[in-house]
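S.K.: Handing you a structure now.
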Amino acid sequence: MAGRETRRRRPSHKDRAQQAWLANMRQGGGALRFKPARARRPEGVSGPALVYMLCLGLLLGWYGPDWVRQFDWPTINAPQSRPADSLSAQFTFCHSGGGTNCVVDGDTFWFGGRKYRIADIDTPETHGPRCAAEGALGAQATARLQSLMNAGPFSLEAVDRDTDRYGRALRVVTRGGESIGAMLVAQGLARNWDGARHPWC
């Protein structure tokens, strides 16, 4: 053991770096030197930008209203509510010769002493039906019309003609904006009026 020569260990990379650092320290007087950090400018709106924004606000406040009035902006109208239904009566079934407030058949009635024909429908005949089926369906339409007329207030809306050739006033009967005639059509008791009568048999 004593006779062996001791092999010198080669300095590592870390050792060489420490030696280089110590050499630099000796050359520089033994004191570490740090570069002072630059002071950061406070963030915010710069002076020119603030002046620009102020001028822009003054221009918009002075000329803005006149500039807006130059454009033809669309006008939004509020939806108009329909007038409330104001007519009402207690309807019965008419006897021969008519009546004051009564139902003649599925599309004809008397109201306030005047005879009306419902203008937007046609129902089966009950006075002189062409077959038994027409008479039966006409009776159902008559009973249903009386029930609907007594269900609450209604309105009478004019059409392109005031009266028909029999002198009956032509009107569309509505309640809450919905046609009572259309209700009869939906229930299979009437047809939409297309200007001509069609057979029910």
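S.K.: Just order 81-87, 150-156 by mean Cβ neighbour count inside 10 Å, highest at the front, would you? Before the final figure, lay out each step's value.
M.R.: Working: 81-87: 9.9, 150-156: 14.9.
In descending order of packing, they fall as 150-156, 81-87.
S.K.: Excluding ligands and nucleic acids, what accessible area in Å² is computed for H95 using a 1.4 Å probe, to the nearest 10?
M.R.: So the heavy atoms of H95 present about 150 Å² to solvent.
S.K.: May I pose another question? Leaving ligands and nucleic acids out of the surface, order M53, M183 by accessible area at 1.4 Å, largest first.
M.R.: Numbers: M53 115, M183 40 Å².
In descending accessible area the options line up as M53, M183.
S.K.: Under a point spin-label approximation (7 Å from Cα along Cα-to-Cβ), what is the S147-Q187 distance to one decimal in nm?
M.R.: The answer from the label model is 0.5 nm.
S.K.: Do any trypsin sites (Lys or Arg not before Pro) in the stretch 75-167 lie in a loop, going by DSSP, with at most 15 other beta-carbon atoms within 10 Å of their beta carbon, and if so which?
M.R.: Numbers: sites: R114, K115, R117, R130, R144, R161, R165; in loops: R130, R165.
Answer in residue order: R130, R165.
The values are calculated or read from the model by the stated rules, or taken from the named source; none is laboratory data. Note that the structure is a prediction, hence the values are computed from the model and not measured. Ideal geometry is used to build each Cβ from the backbone, glycine not excepted, and the neighbour counts take in all protein chains shown. These accessible areas exclude ligands, DNA and RNA; they are computed on the full protein's heavy atoms, side chains included. Shrake-Rupley method; radii C 1.70, N 1.55, O 1.52, S 1.80 Å.
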